[in-house]
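**Student:** I'd like to ask some things about the structure below.
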Amino acid sequence: MFEVIRDALIWLMSWVLDKPPQGGEAFRLLFLIGFSVFATWLSMYWRDLAYRSRTIRRRLKPEERYAGRYFQAVWQKGDLRYAFVNIFFDWRARRYKAAGRAYGADGAELASFASSYVRFPSEKDSEIEFMWKSNSGVSGYTRLGIEDSDEDLIQGDGLVVHIDGEICSYQMKFKHMHDRYVREALGVAVPKDSSQEPNFVRLFNVRYGPAVRGGFASAPKSDPEPAIPA
C-alpha cells in the first residue's frame, strides 16, 4: 500500500517538474514546496489514516477477520450466563482490544469488562486469548478455541477463568455475531448497542437456553473447578 502511494506521488511531482518553464515559475515553486510537505506528512501518517478504515485494515492486517462482536454462553455455577464481547482495533494505540458485558439468563447486566491486548490464532493454534478486568474489580482470562472459521462464520468452545481469590474456570460456547445467521436463528438483527442486548439475551435464552443447558450438563467437567490458564 505504501509503495503505491509513494509511486503515485513521485509520478505527480515528476510530471510537474518535466513541464516546460513558463511564466508561472513562482507558482510552480510554491506548489512543489507544498507538495513536498504534504508527501512527507503522508509518508509518516498514512498508516494512521488507513487503519481507520476496516476495509483497508482487512487488506493490511490478517487479524481483522477476527474483529467484531461475539456472543458467549457460559456454564457457571450450574446455570447459564451470557456475554457480548467486541474485539476491535484501536487505531490510536495501534493494537486490538476487547470489551464487553456479562448478563444473567434474565437479561440483567452483571458486569462490564475490558482488555487492552488480544492474542489471535497463529500457525501453532486456533485460539483467541485475552486477559480482562471487570468494573467489579474481578480479573480473568478468556480463551476462544475456534472450531469453524471461514469468512462468514467463526464459532467454537472456550474457557473463562475468574481470578478472584479462588481461581475457577467455566466452560463456554461462542459464535461470531454475523447478522445473516442471527436473523435466520432468531428472526432479529444483531444488537446495535448495549441497550438492545438484554432483550436479545432473553430471547435467546427462551428459544435455545434449554438445549444449551442440556449440552453443558451432559459434557464432562461441567462444574467450575480451580484452574490456571494454559
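**Student:** Just give me the residues in the range 72-86 being open to solvent by less than 10 Å² (accessible area, probe 1.4 Å) and more than 24 Å from SER218 (Cα to Cα), in sequence order.
**Tutor:** Within the range 72-86, PHE84, VAL85 qualify.
**Student:** Moving to a separate point now. If you check SER218, SER222, which single one turns out to be among the polar types (S, T, N, Q), modelled with pLDDT under 90, open to solvent by 50 Å² or more (accessible area, probe 1.4 Å) and not assigned by the TED database to the domain that holds PHE120?
**Tutor:** The conditions single out SER218.
The values are calculated or read from the model by the stated rules, or taken from the named source; none is laboratory data. This one's a predicted model, so the numbers in the text were calculated from it and none came from an experiment. Keep in mind that these areas ignore ligands, DNA and RNA; they rest on the heavy atoms of the full protein, side chains included. Shrake-Rupley method; radii C 1.70, N 1.55, O 1.52, S 1.80 Å.
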